[in-house]
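Structure, as structure tokens:
Coordinate-derived values only; no laboratory data. Keep in mind it's a predicted model, so treat the numbers as computed, not measured. Using ideal geometry, Cβ is built from the backbone for each residue, glycine included, and neighbour counts are taken over all protein chains shown.
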Amino acid sequence: MGKTIGFITLGCKLNYAETSTYERALLKDGFEAVPWSKGADVFLVNTCTVTEHSDKKCRNIIRKLHRQNPHSPIFVTGCYAQFKKAEIEAIEGVKCVFGANEKSLVVPTIKDILNGSESCAYTAGTFFPAYSSGERTRSFLKVQDGCDYKCHYCTVPYARGESRNIPIAEIVSQAEEIAAEGIVEVVLTGVNTGDFGRSTGENFFDLIKALNEVEGIERYRISSIEPNLLTEEMVDWIASGSKFLPHFHIPLQSGCDTILKEMGRRYDTAAFAHKIEYIRKKMERPDGPRVFFGIDVIVGFPGETDELFEETYTFLRDVIKPAFIHIFPYSRRAGTPAAARKDQVQDSVKTLRVQRLEELCATLHEEFVTSHKGLTDKVLFESTEKNGMMSGYTENYIRVERPFDPGLIGKISEVTI
Ligand code: SF4
């Protein structure tokens, strides 16, 4: 029997796509994937460093793994591994730590070490292609990695390196592999997805047009895209009958121009509002489903007074009116310009602002969902059965439930909401 391996993934969809790719490669080589809590011959931890809390969670998991499996080597990769390699190498039980440019070495190194090799041979690679599988309905396809923007609060550019990608043709081949597995929906993921093409002289618009032609894939979503990179030309094309759905996840971060400037973001609230309005006008059907906007917001950025936070609150409530708000309390990350500022906001104030936005989000989400009652939309049903029910998402990302019917799994069906 092959060696058993336990995978632990923390953080974003990009990490899940990468873990899924390591898993496919190792299973092909005879490894058996087991739940990490049951113990294994070897472990792979894919880490995240988005907040101080994420770092701590990673360290705790690695320590727990070692306590429970003192003889099993632990391999660590992901953003925290890139950012604080020495810190992780110092934890007992850790065998090799792979940074952002060493991901293509994860699988060969695990095999070498288990075959008796002693050293972790690190050499730099560039882009590690990845997609998630295992779900029968949806796959996360990594199209881009790294970021050149350097927003003043963010460590991701240091953790994942510069913006890069593989050519469109290779990503199309990966989408074809996904289609061959019978998966019909693909979510394009990246660190700064819309910045695709920087290292190959291509661009994101050409990528989505090429992916649109892949047979078997019926729906695409873009996991997240910077507002300045979602052009009107792209919106026009998406709206004109492409397979890309009326669902956008766009980082706003603040609805206050003073804070946006201090964050080092590349737009102001007027440009953001114009983009949202443009998309709504192009893509909304007055008698049918509306565009789903998921908006990221950071609260408690240094210098965010009560008045400046109110600007964000009213901008979201009165102008943007998203279907969902992803709320992040600002986390002070060493090495970033924002961390050095003296005007940090107290945690208790951040907590209150998070609560206010959560309440606003609940109201907006409810309004969005109820405005769809009685409308017809296409739902892709998933395999999980809970209390005799199954669920799936409409094109515009409303979760719909119906009595379980195995014949509908992975199929797109028209439903009245
Ligand atoms: S765009 Fe800004 S927030 Fe996003 S990864 Fe790049 S630096 Fe970080």
Would you please calculate the Kirkwood hydrodynamic radius of the range 20-90 over all C-alpha pairs and express it in Å, rounded to one decimal? 12.9 Å
Summed over the other residues with a beta carbon less than 13 angstrom from that of GLU18, with K and R at +1 and D and E at -1, the charge totals +2
Subtracting the Cα-Cα distance from 0.36 nm times the residue separation, let me have the gained length for GLU176 to GLU367 in nm, one decimal. 65.0 nm
Fewest to most neighbouring Cβ within 10 Å: what's the order for ASP377, ASP347? ASP347, ASP377
For n ≥ 4 DSSP H runs only, could you compute -39500 (n - 2.57) per run for the chain, divide by its residues and tell me the 222 nm figure to the nearest 500? -10500 deg cm²/dmol
For the pair LYS28 and ASN115, how long in nm is the line joining their label points, each one 7 Å along Cα→Cβ? 1.6 nm
Charge sum, other residues only, whose C-beta stays under 13 Å from GLU310's C-beta, Lys/Arg counted +1 and Asp/Glu -1: -2
Quick note, the chain: a/c under 1.5 would make it rounded; otherwise a/b > b/c is prolate and the rest oblate (a ≥ b ≥ c, C-alpha gyration tensor); here it is oblate
Tell me the label-point distance for the pair LYS321, VAL349, using the 7 Å Cα-to-Cβ offset, in nm and rounded to one decimal. 3.1 nm
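Report the equivalent ellipsoid semi-axes for the range 250-365 in whole Å, largest first, defined as the square roots of five times the eigenvalues of the gyration tensor built from alpha carbon atoms.
Values: eigenvalues 147, 48, 24 Å².
The three semi-axes for the range 250-365 are 27, 15, 11 Å.
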Arrange the peptides 65-77, 41-53 so that the one whose residues have, on average, the most other Cβ atoms within 10 Å appears first. 41-53, 65-77
For the cross-link pairs LYS142/LYS350; LYS282/LYS378; LYS28/LYS84, which exceed 22 Å when the distance is taken from alpha carbon to alpha carbon? LYS142/LYS350; LYS28/LYS84
Are there any GluC sites (Glu not before Pro) in the range 363-417 that are in a DSSP loop and have at most 16 other Cβ atoms within 10 Å? List them by number. GLU385
Report, largest value first, the span of the C-alpha coordinates of the range 128-224 along each principal axis, in whole Å. 41, 27, 19
Label point 7 Å beyond Cα of ASP287 along Cβ direction - residues of the range 381-417 with amide nitrogen under 11 Å: none
Give, in whole angstrom and from largest to smallest, the semi-axes √(5λ) of the equivalent ellipsoid of the range 376-416, with λ running over the eigenvalues of the Cα gyration tensor. 16, 10, 8
